[in-house]
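Just so it is clear, none of the values below were taken in a lab; they were calculated from the coordinates. Worth saying up front: this structure is predicted, and the values here are computed from it rather than measured. Please note: Cβ atoms are built from the backbone with ideal geometry, for glycine as well, and neighbour counts cover all protein chains shown.
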Amino acid sequence: MKLQIPENIQAITPYPPGKPLDELEREYGVKNSIKLASNENPWGPSPKAIAAIQDALGSLNRYPDGSSYYLTQAIAKHFGMSAQEIVLGSGSNEVIEFLVKAFVGVDDEVITSHPSFLMYQKFVQVRGGKNLVLPLKGMRHDLQAILASVTARTRLVFLDNPNNPTGTYINPADLYTFLSAMPEHVIVVLDEAYVDFMDMSYQVDIYSLIKNSDGRCPVVSLRTFSKAYGLSGLRVGFGLMAKEIADCLHKVRQPFNMNSLAQVAALAALEDTAFFDQTIKKTITGRNILMRGVEELGCKSYPSETNFFLIDVGGDADALYNAMLYKGVIVRSMRAYGFPQCIRITIGTDEENARFLNAFSECLKELEYV
């Protein structure tokens with residue numbers, strides 16, 4: 001074939017998907033493995049969400065509600081906003097794609113940090129825009145460096161808060177100062193995928209930032225049902241933003257982008273506050289237990305405001321990752337993110353956390369890291 005592939009597309013490295021759990025078990029000869037690598041909710045979705053899906057199965061011959069009316073209304077009520085200020089996506093990453101499609105053209109600039117979510121940069125590459133990627137400073141977004149890098153062609157700034165993979169948060173006072181200094185032509189996108197796990201005192205007032213944008217840059221908040229709500233497999237995310245921005249995103253959004261089962265499940269999950277509260281409580285408790293256990297084994301755990309945290313294993317992270325696989329425990333090596341001695345671990349159930357600590361202790365000894 002003689003394909004004429006644009007240079008910006010040729011330059012893109014595809015997102016590396018992980019292998020299915022059963023395939024990893026076959027390769028490594030293990031059974032009953034546990035996955036603590038993808039920041040998922042180990043307790044699953046709300047039983048009410050499962051029941052809502054079951055009730056909706058009989059109507060799958062019909063197209064979904066193209067406006068996601070009931071879910072949008074519920075989200076708006078939850079945040080005290082109007083439905084016109086909500087945009088839903090197949091995962092919050094689709095809302096990221098909408099933002100780039102709507103506001104970034106060829107040679108326009110987008111500022112992101114490294115490490116952070118890889119898809120920010122990939123969407124910009126597809127549009128032919130220019131990525132300006134700045135390193136974290138002390139494992140946090142370097143707000144001063146970002147401000148100094150803004151030009152007349154800057155269209156978007158992405159800040160994941162908390163950051164993935166470091167788990168760090170932006171000090172609210174520093175963020176407000178940063179936003180006040182940002183030119184009005186730049187949209188600052190706060191990716192708050194993990195905000196539900198964050199201490200309330202560290203969270204920013206998104207309602208105020210979106211509603212009171214006169215004289216300063218607009219702010220968009222990205223949220224997801226994949227983490228605290230346990231709906232990763234259904235891909236439900238949304239953005240909170242000014243109506244003027246939402247109107248632009250709807251112009252590039254395909255009809256029926258939210259399937260019927262995702263809509264009813266997310267609505268039921270949002271209403272099940274008891275299940276949500278228990279998920280947050282168990283996650284924070286498990287995180288504290290795991291961090292203490294890691295420290296007792298002689299490794300450094302990094303503070304986190306998410307459902308995961310980094311561990312300095314005192315040696316090669318890839319080797320530790322592979323050793324853990326043979327024990328049926330899947331974690332994430334952070335070498336590709338610039339931390340060659342770190343792994344990232346998701347908080348699991350009590351049983352999964354105990355199994356991790358046992359396997360981790362054995363692997364540290366086998367590799368002679370401690």
### Message
Compute a Gaussian network model of the chain, connecting alpha carbons closer than 10 Å, and tell me which residue from 118, 249, 240 fluctuates the most.
### Response
118
### Query
Can you sort 334, 200, 241 so the residue with the fewest Cβ neighbours within 10 Å comes first?
200, 334, 241
#### Entry: Qualifying chymotrypsin sites (Phe, Trp or Tyr not before Pro) in segment 1-106, DSSP loop, other Cβ atoms within 10 Å at most 16
43
### Query
Applying the Karplus parametrisation 6.51 cos²θ - 1.76 cosθ + 1.60 with θ = phi - 60° to the phi angles of segment 300-308, what ³J(HN,Hα) value in whole Hz is obtained for each residue in order, glycine and proline being reported as x?
9, 9, 8, x, 9, 10, 9, 9, 8
### Query
Under 5 Å between amide H atoms, partner at least 5 residues away or on a different chain: which partners does residue 193 have, H built in plane at 1.01 Å?
161
### Query
Once amide H atoms are placed 1.01 Å from N in the peptide plane, what residues at a sequence separation of 5 or more from residue 130, or on another chain, have their amide H within under 5 Å of its amide H?
107, 108, 109, 110
### Summary
Taking the dipole of the chain about the Cα centre (Lys, Arg +1; Asp, Glu -1; charges at Cβ), the one of 98, 75, 37 that reaches farthest to the positive side is 98
### Query
If contacts are Cα pairs under 8 angstrom and at least 6 residues apart, what is the relative contact order of the chain in percent?
23
### Message
Rounded, prolate or oblate, given the Cα gyration tensor of segment 36-95, with a/c below 1.5 counting as rounded?
### Response
oblate
### Task
For each of 306, 151, count neighbouring Cβ atoms within 10 Å of the residue's Cβ, then give the residues from fewest to most.
151, 306
### Query
For segment 1-68 and segment 335-366, what is the separation of their C-alpha centers, rounded to whole Å?
23
#### Entry: Sites matching GluC sites (Glu not before Pro) across segment 296-370 that sit in DSSP coil, with at most 11 neighbouring C-beta atoms within 10 Å
368
#### Entry: Pairs beyond 26 Å (Cα-Cα), from 130/211; 48/227; 77/243; 122/300; 137/327; 35/365
130/211; 122/300; 137/327
#### Entry: Rounded to the nearest 20 debye, dipole of the chain from Cβ charges on Lys, Arg, Asp, Glu
540
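Return the inverse of the average 1/r over all pairs of distinct C-alpha atoms in the chain, which is the Kirkwood hydrodynamic radius, in Å to one decimal.
21.8
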### Task
For segment 333-345, take each phi angle, set θ = phi - 60°, evaluate the Karplus expression 6.51 cos²θ - 1.76 cosθ + 1.60, and give the result in whole Hz per residue in order, putting x for glycine and proline.
6, 9, 4, 5, 9, x, 10, x, 10, 10, 10, 10, 10
#### Entry: Pairwise FRET efficiency - residue 244 versus residue 354, Cβ, R0 = 45 Å, nearest 0.05
0.35
### Query
Got a sec? How would 117, 308 order by Cβ neighbour count within 10 Å, fewest to most?
117, 308
### Message
What does the net charge come to around residue 32 if you take all other residues with beta carbon closer than 14 Å to its beta carbon, with K and R at +1 and D and E at -1?
### Response
+1
### Query
What percent does the relative contact order of segment 183-279 come to when contacts are Cα pairs within less than 8 Å and at least six residues apart?
25
### Summary
In terms of the charge dipole of segment 47-271, which places +1 on Lys and Arg and -1 on Asp and Glu at the beta carbon, the residue among 238, 129, 212 farthest towards the positive end is 129
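Only four residue types carry charge here, +1 at the Cβ of Lys and Arg and -1 at the Cβ of Asp and Glu. Report the dipole size of segment 84-224 about the Cα centre in Debye, rounded to the nearest 20.
My answer is approximately 340 debye.
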### Query
Which trypsin sites (Lys or Arg not before Pro) in segment 34-105 pass both tests, a DSSP loop state and at most 16 other beta-carbon atoms within 10 Å?
62
### Task
Using Cα pairs closer than 8 Å and at least 6 residues apart in sequence, work out the relative contact order for segment 236-310, in percent.
19
